[in-house]
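See below for the structure under consideration.
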Amino acid sequence: MQQLTAIVTGASEGLGKSFAIELAGRNMNLMLVALPASGLPELASFIRKNFAVTVYHLEIDLTHTESYTEIFAWLKEQRITAHLLINNAGLGNWSWFEDKNIAFYKMQIELNVITPVLLTRLFLAQADASVTSYILNVGSLGGLFLVPKKQVYGATKSFIRYFTKCLQLELYGSNVKLSLLSPGGINTKPELLVMNNTLKGISKATILEPEQVARIAIDGLLKGKKEIIPGAVNRFLVLLNSLLPAYIKDNIIKRRLNTILVS
Ligand SMILES: NC(=O)c1ccc[n+]([C@@H]2O[C@H](COP(=O)([O-])OP(=O)(O)OC[C@H]3O[C@@H](n4cnc5c(N)ncnc54)[C@H](OP(=O)(O)O)[C@@H]3O)[C@@H](O)[C@H]2O)c1
């Protein structure tokens, strides 16, 4: 059977790293993309040593539009067609709107919105229509719920949600499977682990490990699931969100906001 090649953006750390290891474990070749000096060569060599797959890596800044074509130009030069695209790279925040500067929001919007849209466009242009191709767009439950202190982040993830759902309709009947991953909190880095450890009850139950999320996401993607929401508690919260009237949700958010303001 032909060995597939997957592009993973933001592969050096967190969920992206777990995606890379998960895909290698499923015998897929990899093109890993992340910022320079982020430990990508070390991850690539770890995967080569432990799995029988070919691993390429490209250290580029995905907020520079001209870098997107570099990925596909390089693959074309090597006569490699990518079969999977994991649009994972993303920048989060947990801060009041006025506490971050213009440069931060510009970078966040570029990385979370412009990058996945343009990479999807370039990926589709090189896809081989005779075999199934797969795209996974990493959204967030933050794109569905109104979360204070995640104003721009949540909006970028709402964008990804809308973009993915529309494109799914356009690609209906084609040989491309496109999935939206909508995770809740993930313990991807030490500061999140510390913050998540302070949570209690249902909030704590929404948090998952990156390896779990990557496994569930790739299972769902290969099965052609339209939206993947890892964790039963998270799926229950999404259902509740669709059932509760807006005024109850507003009250919950206002109470939550008060808790944040006094803490
Ligand atoms: N963690 C969560 O709780 C959570 C929840 C829901 C959704 N998500 C989504 O899941 C995805 C991964 O999140 P994460 O927590 O794993 O993030 P992370 O640990 O911060 O990793 C982000 C990855 O993106 C790379 N990256 C950042 N800026 C880049 C740039 N300009 N060009 C190229 N690569 C860049 C980083 O490289 P460097 O190592 O060089 O910085 C890193 O590999 C994001 O889309 C995020 O929104 C996360």
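The values are calculated or read from the model by the stated rules, or taken from the named source; none is laboratory data. None of these values were measured; they are calculated from a predicted model. Neighbour counts run over all protein chains shown; Cβ positions are idealised from the backbone, glycine included. Quick note on the areas: whole protein, heavy atoms, side chains included, nothing else; ligands and nucleic acids left out. Shrake-Rupley method; radii C 1.70, N 1.55, O 1.52, S 1.80 Å.
Taking the stretch 192-202 as the range and being without any contact (Cβ under 8 Å) to a residue 12 or more places away in the chain, assigned to a helix (DSSP H, G or I) and either at negative phi or open to solvent by 80 Å² or more (accessible area, probe 1.4 Å) (or both) as the test, the residues that pass are L192, L193, V194, N196, N197.
I186 satisfies every condition listed in (1) over 30 Å from L257 (Cα atoms); (2) surrounded by 18 or more Cβ atoms within 10 Å (Cβ to Cβ); (3) touching a residue at least 60 places away in the same chain (Cβ under 8 Å) except (1). When Y162 is tested against (1) within 14 Å of the ligand (Cβ to nearest atom); (2) assigned to a helix (DSSP H, G or I), only condition (1) is not met. Among the residues of the stretch 176-195, those that are within 8 Å of the ligand (Cβ to nearest atom) and either of a type in the set (F, W, Y) or over 20 Å from Y134 (Cβ atoms) (or both) comprise G184, G185, I186, N187, T188, K189, L192. From the list F145, F123, F72, the one residue that fits, being closer than 17 Å to P183 by Cβ, in contact (Cβ under 8 Å) with a residue 12 or more places away in the chain and of a type outside the set (D, E, K, R), is F145.
Screening the stretch 99-128 for residues that are hydroxyl-bearing (S, T, Y) and away from the ligand (no atom under 12 Å from the Cβ) and picking the one that is nearest to S67 (Cα to Cα) gives T120. Summed over the stretch 7-22, the residues that are near the ligand (Cβ under 10 Å from one of its atoms), part of a helix (DSSP H, G or I) and either without any contact (Cβ under 8 Å) to a residue 12 or more places away in the chain or open to solvent by 10 Å² or more (accessible area, probe 1.4 Å) (or both) give a count of 4.
Within the bounds of the stretch 42-52, is there any residue that is at pLDDT 95 or above and over 26 Å from V213 (Cβ atoms)? Looking through the stretch 42-52, none of the residues is at pLDDT 95 or above and over 26 Å from V213 (Cβ atoms). Scanning the stretch 114-135 for residues that are in a helix (DSSP H, G or I) and not hydroxyl-bearing (S, T, Y) yields I114, P116, V117, L118, L119, R121, L122, F123, L124, A125, Q126.
Considering (1) over 18 Å from G142 (Cα atoms); (2) part of a helix (DSSP H, G or I); (3) charged (D, E, K, R), the lone condition that K225 does not fulfil carries the number (2).
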